[in-house]
Amino acid sequence: MTTAEEHPKPEEEKTWEPKILAFLCNWCSYAGADLAGISRIQYPPNIRIVRVPCSGRVNPFYLIKSLQAGWDGVLVSGCHPGDCHYISGNLVARRRFAIIKDILEFMGIAPGRLNFSWVSAAEGEKFSKVVKEVVEKVKKLGPNKKLVKE
Amino acid sequence: MESLQNSMREIVRNLLTEHKIDLAIGYEKGTLPLRTSPCFVTKEGEIQKLVWNSCCDLDLTKYLFKPENQNKKIGIIVKGCDARALTVCIAEKQIERNKTFIIGMPCLGIIDKKKVEAAVAPKEILEVKVIDDQIIVKGKDFERTLSKKDYLQTSCLACRYNNPPIYDALVGGKPLELPSEIDWDKIIAEFEAKSPEERWAYFSELLKDCIKCYACRNACPLCYCKECFVDQTQPQWVGKTTDISDIMFYHIVRAFHVAGRCTGCGACTRACPMNIDLRLLSKKLEKIIKDRYNLEAGLNPEEPPAMGAHKAEDPQEFITEGH
Amino acid sequence: MKEKFLQKEQFPKFINELMNRYPVYAPIKKNGFHVFEKISSPKIIDLEYSNTKIPPKELFFPRAETLFSYAKSKEGIDLIQDSHPDETRVILGIRPCDVLSFLLLDKFFNSGKFQDPYYQKRRENSLIIGLLCADPQSTCFCTSTGGSPFSEAGMDISLTDLEDKYLVKSLNIKGDQLLEQIPWLGTASERDIFDATRRAKKALASIKTEIPIEKLSDKLEKLFNNDAFWSPFSQKCINCGSCSFLCPTCHCFDVVDEKTSTGGKRIRLWDTCQFTLFTQHGSGHNPRPTGKERIRQRIMHKFCYYPKTLNEIGCVGCGRCIRVCSVNQDIRSIFKAVQEVEGG
């Protein structure tokens, strides 16, 4: 869902690349990303990774603060339900993320800026696909201007 | 109403004289028209100060958290919405159920003083009498009669629980059967049909007068954290200025923190000196929790609130699968 | 001193003349309350109000103010002094109590060794046109704090509402100079002046609250350690801070540094002694740990410390704290309780 205001101007369009911040859980998603790297699977370089012990560690503050700092999109990725290294951290994260995403999207942050995925340590290919999908989504939305504080 | 007030006073009298409680928290007549003030009763002689009327708007649950009230057996006067907030605090193990004697009151619908003031502004209201369904407002050189049902708090117009869900004593009498006049589902659906730009513009406009006084947080019975995120400096999460970004951040996070716990009591709206009404957001929160997890805040003191639990089968339609 | 009159139909013309020369700030009506804002047209001014929600102190001491910013450069750090308004402006429609509050704030921001340049500049550059009170509210007690509904202290020009016109009085050279720029204002007649005096007497008589506030400071000093006295008030208070944020004389502030993408900025913000962190020490100790100490502080500061150190009462009797308090804590009840304490 894009609007005229969210779309970057034509001259900038060719040069603008979204910046996506990714919070990856150490045991599954980070390892999955690592596997993608080792397997030489190409994925867009727009992503910057922050390693967290568990997706349940991700405080909704990080997501809002990222938008405030000017990141165009956020990805939180953890172990599949049932496989969390800390048993249920990812289940906590799932509820939390659902709520913060619903709130932010209700208030007018474009759907597609906040993303959540399950990527296991063996899913290098999947990780690259997730990143590609997120980058494409955010690229269509244009630069994030809402909540940004200079 | 007199009889309700008298029954309430009797219950408090019995509790105090039988030493079942050390302190009773209720409402007393305010110093301004349409106001009541919290009343703390420890002696029989003070019981006469307690009142019950359509101006008893405050959520008294807040006072159970005061340091001087810890370790006391407290009797508290609650309406349906207050009792639900109290139930959330009990479910979260912040208030001890067996130290709290809950005196449930049938709610007559609470008058919104801001609406009444706006009706006669800029004239000052000097005296108000509420007789059944009529509000008689008097000033220096005017007198007007208003229909009470047109001047109720917005939360009362969508009230579904005007009977306290938990109580130790329920003062007799039927609560006011308020037709749920506001269809929040419809209002939310209409709002969601707008574009993200329009929605962001709506909230930015609504919140631009916020002076970050945090009265909403202080008035909310669920905001009991000893250290609020606003006060954290290592790291500093939310800027302290009135830049719209900081204002939005604060309200987004406070909404998130009361998700699944907010009962729509309206204390935040009443306390706001700038008359900001974030009811749309809090109603949406209630809807999210209901739709996703089939939970409603404040009905069951045994059940942990939505954000304090998780299930294996929680909905996850938002997961990015990577196609 | 000049005494002129302004017909109400001519009010927009008057405002336009002012706007041609200076930015004009006046009360406008918002969502159920009034605030002072820079106006774009005389049409949005609303003088049918008792008092603004946010006191006009914010025009001199804003809610959040960037003191300066800094940016990283090749040479190191560039300090950027943010430009502060240098232009003269007119503030119109301020009530006598709020104007008196400026005189009190001057003692804090503008006195002796320590001069606050941000506040000072705004004060020097402001022309104050006050609006005298014909109809004080029941919560007003300016007469108990050394003011009055028709006090002109601190104003450059005063306006009195005479139903179909305003009496416009200049009170000093600044006021004279402004009125000279609007020569079409007619000279007020004896009748106008008599009418104004009559209204002043009526307004004065309508203020029912009489509190011997000066006598309270000694009693308050003795009550400092009296827990039983302060308990009933601290019991009710939820420390929301509305009273001090909306108080025209409260002036405490916090200074914070915030990072930006290029460097940072230093910001001054309103703070209140009612917030828990106000007196939190770096060590973790807090000398005012509970609401009791904090509410005591507010009363002591305004009605005991101020009189004893500055010979002023730290309050102008506007009544905002009474109206805005979420729990209807009425400062008049506190005064009454102090008066009733024996001895002193």
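Read-outs throughout are calculated quantities, based only on the coordinates presented, and are distinct from any laboratory measurement. Not measured: the values here are computed from a predicted model. So basically every Cβ, Gly included, is an ideal-geometry build from the backbone, and we count neighbours across all protein chains shown.
So if the hydrodynamic radius of the stretch C:213-340 is defined as the Kirkwood radius over C-alpha pairs, what does Stokes-Einstein give as its diffusion coefficient at 37 °C and 0.692 mPa s, in µm² per second? Don't jump to the answer; show the numbers that get you there.
Working: Rh = 15.9 Å.
D = 207 µm²/s.
If the cut-off is a Cα-Cα distance under 22 Å, which lysines reach A:LYS129, setting aside same-chain residues fewer than 8 apart in sequence?
A:LYS19, A:LYS101, A:LYS137, A:LYS139, A:LYS140
Which loop GluC sites (Glu not before Pro) in the stretch C:178-211, with loop taken from DSSP, have no more than 13 other Cβ atoms within 10 angstrom of their Cβ? Numbers along the way, then the final one.
Numbers: sites: C:GLU180, C:GLU190, C:GLU210; in loops: C:GLU210.
In loop regions of the stretch C:178-211 (DSSP not H, G, I, E or B), the sparsely surrounded GluC sites (Glu not before Pro) are C:GLU210.
Within chain C, which is the longest segment that contains none of the trypsin sites (Lys or Arg not before Pro) sitting in a DSSP loop with at most 14 other Cβ atoms within 10 Å?
Details: sites that count: C:LYS74, C:LYS113, C:LYS208.
It works out to C:209-344.
Kirkwood hydrodynamic radius, chain B, all distinct C-alpha pairs: what's the number in Å? Let's see the in-between values first.
Details: mean 1/r = 0.0471 Å⁻¹.
Here the Kirkwood hydrodynamic radius works out to 21.3 Å.
Rank the residues C:ILE28, C:ILE331, A:ILE41 as a footprinting-exposure proxy: fewest other Cβ atoms within 10 Å of their Cβ go first. Walk me through the numbers on the way to the answer.
Values: C:ILE28 19, C:ILE331 23, A:ILE41 16.
In increasing order of surrounding Cβ atoms, one gets A:ILE41, C:ILE28, C:ILE331.
Compute the FRET efficiency between B:GLU2 and C:LEU277 as 1/(1 + (r/R0)^6), taking r as their Cβ-Cβ distance and R0 = 35 Å, and round to the nearest 0.05. Could you put the intermediate results ahead of the total?
On the way: r = 46 Å, r/R0 = 1.30.
The pair B:GLU2/C:LEU277 has a calculated efficiency of 0.15.
Tell me, what is the Rg over Rh of the stretch A:37-76, with Rh the Kirkwood radius over Cα pairs? If you can, show how the numbers build up before the last one.
On the way: Rg = 12.4 Å, Rh = 11.9 Å.
Rg/Rh for the stretch A:37-76 comes to 1.03.
DSSP loop trypsin sites (Lys or Arg not before Pro) in the stretch A:64-150 with at most 14 other Cβ atoms within 10 Å of their Cβ, which ones?
A:LYS145
Please find the FRET efficiency linking C:LYS202 to C:ASP164, where r is the Cβ-Cβ separation and R0 is fixed at 22 Å, and quote it to the nearest 0.05. Don't jump to the answer; show the numbers that get you there.
Details: r = 18 Å, r/R0 = 0.80.
So, using R0 = 22 Å, E works out to roughly 0.80.
What's the exposure ranking of B:THR17, C:THR272, B:THR87, going from fewest to most Cβ atoms within 10 Å?
Values: B:THR17 10, C:THR272 22, B:THR87 27.
Starting with the residue having the fewest Cβ neighbours, the order is B:THR17, C:THR272, B:THR87.
Quote the FRET efficiency, to the nearest 0.05, computed for B:GLU302 versus B:LEU157 with a Förster distance R0 of 30 Å and r equal to the Cβ-Cβ distance. Working shown, then result.
Numbers: r = 30 Å, r/R0 = 1.00.
E(calc), rounded to 0.05, equals 0.50.
Counting Lys +1, Arg +1, Asp -1, Glu -1, what net charge surrounds C:ASN226 among other residues with beta carbon under 15 Å of its beta carbon? Provide the component values of the computation, followed by the final result.
Values: positive: C:LYS219, C:LYS222, C:LYS292, C:ARG296; negative: C:ASP218, C:GLU221, C:ASP227, C:GLU293, C:GLU340, C:GLU342.
Around C:ASN226, the charge tally is -2.
Across the Cα atoms of the stretch C:2-206, what radius of gyration and what greatest pairwise Cα-Cα distance (Dmax) are found, in Å?
18.7, 71
Any lysines with Cα under 19 Å of the C:LYS2 Cα? List them, leaving off those in the same chain fewer than 8 positions away.
Of all the lysines, those that pass the test against C:LYS2 - Cα under 19 Å, at least 8 places apart if same chain - are C:LYS165, C:LYS169, C:LYS174.
In whole Å, what three semi-axes, largest first, describe the equivalent ellipsoid of the stretch C:187-271 built from its Cα gyration tensor (square root of 5 times each eigenvalue)?
On the way: eigenvalues 318, 181, 28 Å².
One finds semi-axes of 40, 30, 12 Å for the stretch C:187-271.
Which whole-Hz couplings ³J(HN,Hα) result when phi for each residue of the stretch A:96-111 is put into the Karplus expression 6.51 cos²θ - 1.76 cosθ + 1.60, θ = phi - 60°, listed in order with x for Gly and Pro?
Ordered by residue, 3J(HN,Hα) equals 4, 5, 4, 5, 5, 5, 4, 5, 5, 5, 4, 7, x, 7, 4, x Hz.
Could you go through the stretch B:254-264 in sequence order and give the Karplus-derived ³J(HN,Hα) for each residue, using 6.51 cos²θ - 1.76 cosθ + 1.60 with θ = phi - 60°, rounded to whole Hz, and x for Gly and Pro?
Per residue, the Karplus-derived 3J(HN,Hα) values read 5, 4, 4, 5, 9, 4, x, 10, 5, 10, x Hz.
Counting only Cα atoms, I'd like the Rg/Rh figure for the protein assembly as shown, Kirkwood definition for Rh.
Values: Rg = 29.1 Å, Rh = 29.4 Å.
Here Rg/Rh amounts to 0.99.
If I model a spin label as a point 7 Å beyond the Cα along the Cα-Cβ vector, how far apart are those points for B:ALA189 and B:GLU96 in nm?
4.8 nm
Could you tell me the extents of the stretch B:48-100's C-alpha atoms along the three principal axes, largest first, rounded to whole Å?
Between the extreme Cα coordinates on each principal axis of the stretch B:48-100 lie 31, 22, 17 Å.
Over all distinct Cα pairs, what is the inverse of the mean 1/r for chain A, reported as the Kirkwood hydrodynamic radius in Å?
Numbers: mean 1/r = 0.0642 Å⁻¹.
One over the average 1/r among Cα pairs gives 15.6 Å for chain A.
Chain C: Rg/Rh from Cα coordinates, Kirkwood Rh?
Details: Rg = 21.9 Å, Rh = 21.9 Å.
Result: Rg/Rh = 1.00.
Starting from the 7 Å offset along Cα-to-Cβ, what nm value, one decimal, do you get for the label separation of B:ARG13 and B:ASN71?
Each label point is offset 7 Å from its Cα along the Cβ direction, giving 3.2 nm.
Could you tally the net charge around B:TYR161, taking each other residue with its Cβ under 11 Å from the Cβ of B:TYR161, Lys/Arg +1 and Asp/Glu -1?
Numbers: positive: B:LYS79, B:ARG84, B:ARG160; negative: B:ASP82, B:GLU296.
Neighbour charge sum, excluding B:TYR161 itself: +1.
Using a 10 Å cut-off around each Cβ, can you sort B:ASP277, B:ASP183 from fewest to most neighbouring Cβ atoms? Present the calculation step by step, with values, prior to reporting the outcome.
On the way: B:ASP277 16, B:ASP183 11.
Exposure proxy ranking, most exposed first: B:ASP183, B:ASP277.
Can you give the mean number of other chain Cβ atoms that lie within 10 Å of the Cβ atoms in peptide C:285-294? Mind showing how you got there, number by number?
Values: counts 0, 0, 0, 0, 1, 3, 3, 3, 0, 0.
Mean partner shielding for this stretch: 1.
Provide the net charge surrounding A:VAL130, with neighbours chosen by a C-beta distance below 13 Å and charges set as Lys +1, Arg +1, Asp -1, Glu -1.
Values: positive: A:LYS126, A:LYS129, A:LYS132, A:LYS137; negative: A:GLU123, A:GLU125, A:GLU133, A:GLU136, B:GLU321.
My count for the surroundings of A:VAL130 gives -1.
Give the longest segment of chain C that steers clear of chymotrypsin sites (Phe, Trp or Tyr not before Pro) in DSSP loops with at most 13 neighbouring Cβ atoms within 10 Å, not counting the sites themselves. The partial results should precede the final answer.
Details: sites that count: C:TRP184, C:PHE224.
So the longest stretch without any such site is C:1-183.
Which entries in B:LYS93/B:LYS212; C:LYS113/C:LYS236; B:LYS73/C:LYS53 show an alpha-carbon gap greater than 32 Å?
On the way: B:LYS93/B:LYS212 29 Å; C:LYS113/C:LYS236 40 Å; B:LYS73/C:LYS53 39 Å.
The pairs that break the limit, which is 32 Å between Cα atoms, are C:LYS113/C:LYS236; B:LYS73/C:LYS53.
Quick one: Karplus J couplings for the stretch C:212-218, per residue in order, coefficients 6.51, -1.76, 1.60, θ = phi - 60°, nearest Hz, x for Gly and Pro?
Values per residue, Gly and Pro as x: x, 5, 4, 7, 7, 5, 5 Hz.
Please sort by residue number the GluC sites (Glu not before Pro) in the stretch B:153-223 whose DSSP state is loop and whose Cβ has at most 12 other Cβ atoms within 10 Å.
Values: sites: B:GLU177, B:GLU181, B:GLU190, B:GLU192, B:GLU197, B:GLU198, B:GLU205; in loops: B:GLU177, B:GLU181.
Counting only loop positions with at most 12 other Cβ atoms within 10 Å, the GluC sites (Glu not before Pro) in the stretch B:153-223 are B:GLU177, B:GLU181.
Lysine pairs in the stretch C:243-344 with Cα distance under 21 Å, only those 8 or more apart or on different chains: how many are there? Let's see the in-between values first.
Numbers: C:LYS292/C:LYS302; C:LYS292/C:LYS336; C:LYS302/C:LYS336; C:LYS308/C:LYS336.
Taking the Cα cut-off of 21 Å, the pair count is 4.
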